[in-house]
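Working notes, beginning with the structure itself.
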Amino acid sequence: MKRRRRPGGAVPRNPMTYSRAVRVLHSTKAAPAETTRYATHMAAIAGDDVDVSFFSWPRALFGRYDLFHLHWPEAFAADGWGPKQLAGTLLTRLLLLRLRLTRTPVVYTLHNHAPHDGPVSRRLRAVYRGFARLTRTEIHLVPEPDRLTSAETVRIPHGSYVEPFAAHPRSESVPGRALFFGLIRPYKGIETLLAAFAETDTDDAALRVVGQPLDTALAGTIERAAAADARISHRFGFVPDRDLVAEVTAAQLVVLPYRELHSSGAALVALSLERPVLVPDTPTTRALRDEVGDGWVHIFTGTLTADALAAAIRATRERPAAPPDLSARTWDRVRRAHVDAYRRALAGPAADRETVFAWLWGQDDNLGDSALRRGYADALRRRGPIAAYVEDASSDYISGLGLQPGDRVFTDLGAWLAAANAAARRSPATLAINAGEFSLSGGYTLRLLRILPALRRFRRRGGAVVWLGAAVPARRRGRTWLFLRLYRAADLVRWRDQTTSEVFAPAPAMPDWALGLEPQGAAHDAPRRTLGVSLRFDRPYPSAEWIRAVRETAERLGLEIVTVAQVRRDSAYAHRLARDLGGRAVAFGGVSHATHERVLRGEYAGMRAILSDRLHALLIAQTEGAVPLAWTEAAADKLRRHFDALGLPWVTASPDQRIACLRAVDDAALTAHAADSAARLAAARAALDEVRDVLAGDQWRPAPRRAAPRSTTPRSTTPRSNTARSNTSA
């Protein structure tokens, strides 16, 4: 079968069909021996599917590589007009020409928006423009809306240093010692730190400066400060990992008073070695504080003062009981994210890439419906841009799906199916059947009568079908056969619970997509002082006995009651419950799903536990650290099925035991439940990562169909094999 060509004759490369490793050339040099730098993280990406090499001019101009990974473009724009600078400019132009002529895609990691030590020169602007035209994927290390290119953006956090530093011995922390380390450059504020420390009057405080000064002037400033104050010491030069670990762990506090801080490897070194940091107040540092937990990231506003420094030293004399949470920055997760970014960059511009036609319709006023489908869409987007079918959904609902630039929205089922079939003719295409609970209702049945014929055409044209994260907990006479046809049309199936395999059709189980969403609330900063309650509007109002048991539980645990509405129609119940329980209500007013989710996550982050008969109120609160409890009088069996699959049977209880469970729960029980919930959440996230990896690969896709010779032999009625459904578990 001939492959479609781009205008100009080049064949789009599909990295998912490479028979060899993808060759990536980084624009930075390899890390020196015995030191761990950002380049070390890039080297760790190497594996069976990726071959990593580092920069040299001969390799860049004449070597063989499939993708160029750009870091710090200012390295290609040295100032001055000497022979070395002019040669560098010429070589950079040759490199850009080579990348353009060979159509080698560029992945650009945004380490900073501009050079730290000088203005953006005309030469650097030209370098930015040259690489921007070739960039397919722009990687952000921190959450931010700004971009430097028109390419799609993806956030991949800077990896932690927990793993590479684990082999080195640690020092005992010296009480009162503050440490500044790293390459010493003017923008890092070392002079401000020296002045602030000189004004502190804490007798047992000490300041240690470790690193290589950029010039002799900075070195002289530090030496003079040390000569004038015996509490200050320094060690100049590049420090190997073993010595760096010893220096950092000997400190009580690491101080990084940078005038500009976009992302900081030094902060991550300190946190990886379980030493708190003092940093300026920026969006990046606030996000880091929210991520790693209370007590690890201390923030000062404006210029560092002696008072702010002394306060941080006092505050860190006792380290937090729990280590900083760096689970999102493991090297394995960072590696997989980079491999995915490379895959998408090599897949070409959107016109040449696979499109994923995702059925993302849900209840328009139900925040849980949009949240779980956002998790589904995020996983599907690893294959290509999303074409979402949302039926008659409002813009409020669509806001909760997290659609990205390049994604499309369809409100007409016929137009969506026609676009899917047209895409399958041109290039690879995937159609994703809706996630969530299927009730085999009349509405779903009518949709299937339109979808199934189009699905057959889609598959004949080479399209692939996935059905991930759904539940069909019961059969229904006269309608089940349609849903079984949908199941048989899918190439990759995962159910949300084991019951669906038992009563409907066999396939491996997976956690709900909502559990894979990242927390957004200030979970580690705010103490947990509330008990959440969220009840369905379409169930009987709880009894006076249950209301009394909830009030007694909150009083016994010293918690304020907060009633929340995660579905807009639950708002009246939330207000009524707040009055009867003596709490406050958070209703779902006239705001978008995205806005209300941020509000609710902030509330969930302050909850010690939540009582609810809504599955996604429990799940989203669980991702924010609240203990999920389905001890409500109207809790349905759907909750038991889901939490039993997660390994959390205590979340539910039999109807006659729910009030008794409320009256029996105490501080120790909630603490134990919180630890169990966190462990099961981590396991669920790992399982979802495995599903995403399977989805991103091609092993489950059907082989390209070829025209078969005509035959008079009757067609076999044997169902087609589907190893992706039955043999590949996640």
Of the residues that sit in segment 3-47 and are under 19 Å from Asp698 (Cβ atoms) and of a type in the set (S, T, N, Q), which one is modelled with the highest pLDDT? Ser19
Checked segment 389-400 for anything in contact (Cβ under 8 Å) with a residue 60 or more places away in the chain and in a loop (DSSP other than H, G, I, E, B); matches are Gly400
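Tell me, which residue of segment 575-621 that is among the hydroxyl-bearing types (Ser, Thr, Tyr) and under 16 Å from Leu559 (Cβ atoms) is surrounded by the most Cβ atoms within 10 Å (Cβ to Cβ)? Spell out how you get there, then give the answer.
To start, the set of residues in segment 575-621 that are among the hydroxyl-bearing types (Ser, Thr, Tyr) comprises 592, 595, 604, 612.
Next, from what is left, pick out any that are under 16 Å from Leu559 (Cβ atoms): 604, 612.
Numbers: Tyr604: 29, Ser612: 25.
If we take residues in segment 575-621 being among the hydroxyl-bearing types (Ser, Thr, Tyr) and under 16 Å from Leu559 (Cβ atoms), then Tyr604 is surrounded by the most Cβ atoms within 10 Å (Cβ to Cβ).
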Report every pair of residues separated by at least 6 positions or lying on different chains whose Cβ atoms are under 9 Å apart, first residue within segment 44-66 and touching a residue at least 60 places away in the same chain (Cβ under 8 Å) and within 23 Å of Arg336 (Cα to Cα), second surrounded by 12 or more Cβ atoms within 10 Å (Cβ to Cβ) and of a type in the set (S, T, N, Q). Asp66/Thr104
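Within segment 541-563, is even one residue within 20 Å of Leu367 (Cβ to Cβ) and acidic (Asp, Glu)?
So the first thing to find is which residues in segment 541-563 are within 20 Å of Leu367 (Cβ to Cβ), and the list is 562-563.
Narrowing further to those that are acidic (Asp, Glu): none.
Checking segment 541-563: not a single residue is within 20 Å of Leu367 (Cβ to Cβ) and acidic (Asp, Glu).
Condition first: charged (D, E, K, R), at pLDDT 90 or above and in a helix (DSSP H, G or I). Now tell me which residues in segment 488-511 satisfy that.
Start the filter on segment 488-511 by keeping residues that are charged (D, E, K, R), which leaves 488, 491, 494, 496-497, 502.
After this cut, where a residue has to be at pLDDT 90 or above as well, the list is 488, 491, 494, 496.
The one that is charged (D, E, K, R), at pLDDT 90 or above and in a helix (DSSP H, G or I): Arg488.
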Of the residues in segment 419-441, those that are in contact (Cβ under 8 Å) with a residue 12 or more places away in the chain, out of contact with any strand residue (DSSP E or B) (no Cβ under 7 Å at 6 or more places or on another chain) and not hydroxyl-bearing (Ser, Thr, Tyr) come to Asn421, Ala424, Arg425, Arg426, Pro428, Leu440
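On the basis of being within 26 Å of Val292 (Cα to Cα), in contact (Cβ under 8 Å) with a residue 24 or more places away in the chain and within 20 Å of the chain's Cα centre (by Cα), does Gly602 make the cut? Step through it out loud before you land on a result.
Working: within 26 Å of Val292 (Cα to Cα): yes; in contact (Cβ under 8 Å) with a residue 24 or more places away in the chain: yes; within 20 Å of the chain's Cα centre (by Cα): yes.
So Gly602 passes the test.
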Name, by its number, the condition in (1) among the polar types (S, T, N, Q); (2) modelled with pLDDT of 95 or more; (3) within 30 Å of Ala429 (Cβ to Cβ) that does not hold for Gln622. (3)
All but one of (1) in contact with a helix residue (DSSP H, G or I) (Cβ under 9 Å, 6 or more places away or on another chain); (2) closer than 25 Å to Arg569 by Cβ; (3) charged (D, E, K, R) hold for Asp392, so report the exception by its number. (1)
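Say we look at segment 277-299 and pick out the residues that are crowded, with 23+ Cβ neighbours inside 10 Å and over 23 Å from the mean Cα position of the chain (by Cα); which of these is nearest to His41 (Cα to Cα)? Write out each step before concluding.
Taking segment 277-299 as the starting set, the residues that turn out to be crowded, with 23+ Cβ neighbours inside 10 Å are 277-279, 285, 288, 292, 296-297.
Narrowing further to those that are over 23 Å from the mean Cα position of the chain (by Cα): 277-279.
Details: Val277: 22, Leu278: 25, Val279: 23 Å.
Top of the filtered list is Val277.
Tally the residues that are in a helix (DSSP H, G or I) and either surrounded by fewer than 19 Cβ atoms within 10 Å (Cβ to Cβ) or modelled with pLDDT of 90 or more (or both), restricting the search to segment 48-104.
We begin by selecting, within segment 48-104, every residue in a helix (DSSP H, G or I); these are 57-62, 73-76, 83-101.
Narrowing the set further to residues that are either surrounded by fewer than 19 Cβ atoms within 10 Å (Cβ to Cβ) or modelled with pLDDT of 90 or more (or both) leaves 57-62, 75, 83-101.
Summing the residues that are in a helix (DSSP H, G or I) and either surrounded by fewer than 19 Cβ atoms within 10 Å (Cβ to Cβ) or modelled with pLDDT of 90 or more (or both) in segment 48-104 gives 26.
Listed residues Arg475, Arg485, Arg457; which is farther than 18 Å from Gln622 by Cα and either in contact with an Asp or Glu (Cβ under 8 Å, 6 or more places away or on another chain) or outside any helix (DSSP H, G or I) (or both)?
Numbers: Arg485 fails: either in contact with an Asp or Glu (Cβ under 8 Å, 6 or more places away or on another chain) or outside any helix (DSSP H, G or I) (or both); Arg457 fails: either in contact with an Asp or Glu (Cβ under 8 Å, 6 or more places away or on another chain) or outside any helix (DSSP H, G or I) (or both).
Of Arg475, Arg485, Arg457, the one residue that is farther than 18 Å from Gln622 by Cα and either in contact with an Asp or Glu (Cβ under 8 Å, 6 or more places away or on another chain) or outside any helix (DSSP H, G or I) (or both) is Arg475.
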Got at least one residue in segment 532-541 being among the small types (Gly, Ala, Ser) and out of contact with any strand residue (DSSP E or B) (no Cβ under 6 Å at 6 or more places or on another chain)? no
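What strands (runs of 3 or more DSSP E) lie completely within segment 154-271 and have 3 or more residues being surrounded by 20 or more Cβ atoms within 10 Å (Cβ to Cβ) and touching a residue at least 40 places away in the same chain (Cβ under 8 Å)?
Details: elements: 177-181, 206-211, 232-236, 253-255.
Output list reads 177-181, 253-255.
Sort through Asp637, Asp613, Asp644, Asp693 and tell me the only one that's of a type in the set (D, E, K, R), in contact with a Ser or Thr (Cβ under 7 Å, 6 or more places away or on another chain) and under 26 Å from Asp369 (Cβ atoms).
Criteria check complete, one pass: Asp613.
Counting only residues that are among the charged types (D, E, K, R) and more than 25 Å from the chain's Cα centre (by Cα), how many does segment 22-71 have? Don't jump to the end; show me each part of the working.
Narrowing segment 22-71 to residues among the charged types (D, E, K, R): 23, 29, 34, 37, 48-49, 51, 59, 64, 66.
Then keep just the ones that are more than 25 Å from the chain's Cα centre (by Cα); that gives 23, 29, 34, 59, 64, 66.
Residues flagged as among the charged types (D, E, K, R) and more than 25 Å from the chain's Cα centre (by Cα) within segment 22-71 amount to 6.
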Which residues, counting only those in segment 618-662, are in contact (Cβ under 8 Å) with a residue 60 or more places away in the chain and either part of a strand (DSSP E or B) or in contact with a Gly (Cβ under 9 Å, 6 or more places away or on another chain) (or both)? Leu619, Ile620, Ala621, Thr623, Glu624, Gly625, Ala626
Here are some residues: Val591, Val562. Which one is more than 24 Å from Ala683 (Cα to Cα), at pLDDT 95 or above, touching a helix residue (DSSP H, G or I) at 6+ places or on another chain (Cβ under 8 Å) and not in a helix (DSSP H, G or I)? Val562
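The values are calculated or read from the model by the stated rules, or taken from the named source; none is laboratory data. The shown structure was predicted, so the numbers you read here are calculated from the model rather than taken from an experiment. With ideal geometry, Cβ positions are generated from the backbone for all residues, glycine too; neighbour counts draw on all protein chains shown.
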